[in-house]
Amino acid sequence: MTIDKDGLITSGRITQHIVSTLGKGPLGTVNGIVVHQTGGSTAQSAFSGYVARPYGTHFLIDKDGTIYQTASLLYYTSHVGKLRARCVAEHRCTPVEMKTYAKFNPTLENKLESAKSAPDRYPGNKDSIGIELVGEVKAGTDTYVDVTAEQNASLKWLVSELAMTFHVPMTEVFRHPQLSRKNATEASTATW
Amino acid sequence: MVSAFLLLALAGAHPSCTEGTEEVPPLCPANIPAIRAVIVERSGKGDHIEDDERLDCSSFRLSAPEVRRYFRDARRVNPQAADATLDRSPCYVAGRVTFANGQTGKWRIEQYKVGRLTIGKRSLLLYAPDAGEPFIG
């Protein structure tokens, strides 16, 4: 995988569809990769959303497996949200942390976690690469549709290439609800 | 008579939204029509299994007046922006609403202040940042 001076990937497998407003500021050391589902049924609806409101990821994978780069890898994007306490999820909090986190307070939790360094915390907006998979919530339910086989094949390739290029351990690739409080079914059928 | 359905449609084009940050999405006027009645059908429910021992959905309950207050204070948010910013909770209260014009809708309000109001096939995602206890966040 080759990345040019503008943070764009040169690869026959990736189609450029950059929405410049998604880039918020300089992307620091990449400590993780976060996999999302869009909530919409088409790539076009995601593109329209990115233009209307600058929340999104660096990559978008359509249902047929087409990979779009939507933001430069020079910049971070807003895609994660408030962080969960990693030590709680991994049952390795210190006694002080256990006391702090005993009372459930997601806002405080995010504030304290954000002050830590990775990998003591989950990766956040400023140190992660985001990948969205086109996929809606099933009508009348709160459950995301299954990720297609084509999407999973593309995701596997993209995650592998990004992990190698940015030296991200595969243990630092997460589904969005793992590191932030989201609909638990988001990207639950994604594999890499 | 302007229908609640039309009002919700118009709400999607309202220009006076806040700008939004990395933690809060743009907040727009919800323009929810006047409410005649609120019925709470499910309370203290949990949707998805979470591996967090601190989570207790049974403690999250709302009365009909509290639901009315939520709808009064809630702002409309875009689902894509909400997914990148707001916490979603598996704990929720749900029920039905009847508007002053006779139309009815379904609603669901989560513990972390996110709600959904559905009238027919249209759905409005809501967020009430200043909602107090029993909300969290």
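General observations
- In terms of accessible area, using a 1.4 Å probe and ignoring ligands and nucleic acids, A:HIS167, A:HIS79 rank largest first as A:HIS167, A:HIS79.
- Ranking A:LEU8, A:LEU22 from most to least accessible surface, computed with a 1.4 Å probe over the protein chains only, gives A:LEU8, A:LEU22.
- Distance (nanometres) between label positions extended 7 Å along Cα→Cβ at A:MET98 and B:ARG122: 5.2 nm
- Cross-link check: pairs A:LYS126/B:LYS113; B:LYS45/B:LYS106; B:LYS45/B:LYS113; A:LYS5/A:LYS63 evaluated at a Cα-Cα cut-off of 22 Å; pairs beyond the cut-off: A:LYS126/B:LYS113; A:LYS5/A:LYS63.
- FRET efficiency, 1/(1 + (r/R0)^6) with R0 41 Å, evaluated for A:SER41 and A:HIS167 via beta carbons: 0.70
- Förster radius 25 Å - calculated FRET efficiency between B:SER16 and A:THR107 (Cβ-Cβ, nearest 0.05): 0.45
- Normalised contact order of region A:22-110, rounded percent, pairs of Cα under 8 Å and 6 or more residues apart: 31 percent
- Association of chains B and A removes close to 2600 square angstrom of accessible area from solvent, both sides included, for a probe radius of 1.4 Å.
- Across peptide A:70-80, the mean count of Cβ atoms from other chains lying within 10 Å of each residue's own Cβ comes to 2.
- Qualifying aspartates and glutamates (Cα of each under 12 Å from Cα of A:LYS138; at least 8 residues distant if same chain): A:ASP146, A:GLU186
- The mean accessible area for residues of region A:32-119, using a 1.4 Å probe and ignoring ligands and nucleic acids, is 40 Å² per residue.
- Accessible area of chain A belonging to carbon and sulfur atoms, whole % at 1.4 Å probe: 56 percent
- Trypsin sites (Lys or Arg not before Pro) within region A:1-66, DSSP loop, no more than 14 other Cβ atoms inside 10 Å: A:LYS5, A:ARG13
- Virtual spin-label span in nm between B:ASN31 and A:ALA115, 7 Å along Cα→Cβ: 4.3 nm
- DSSP H segments from chain A that extend 24 Å or more along their own axis, Cα-based, with Kyte-Doolittle mean of -0.5 or above: A:149-166
The values are calculated or read from the model by the stated rules, or taken from the named source; none is laboratory data. Just so you know, these numbers come straight off a predicted model, no measurement behind them. In this analysis, Cβ positions are derived from the backbone assuming ideal geometry, glycine residues included, and neighbour counts consider all displayed protein chains. The area values use the complete protein model at the heavy-atom level, side chains included, leaving out ligands, DNA and RNA. Shrake-Rupley method; radii C 1.70, N 1.55, O 1.52, S 1.80 Å.
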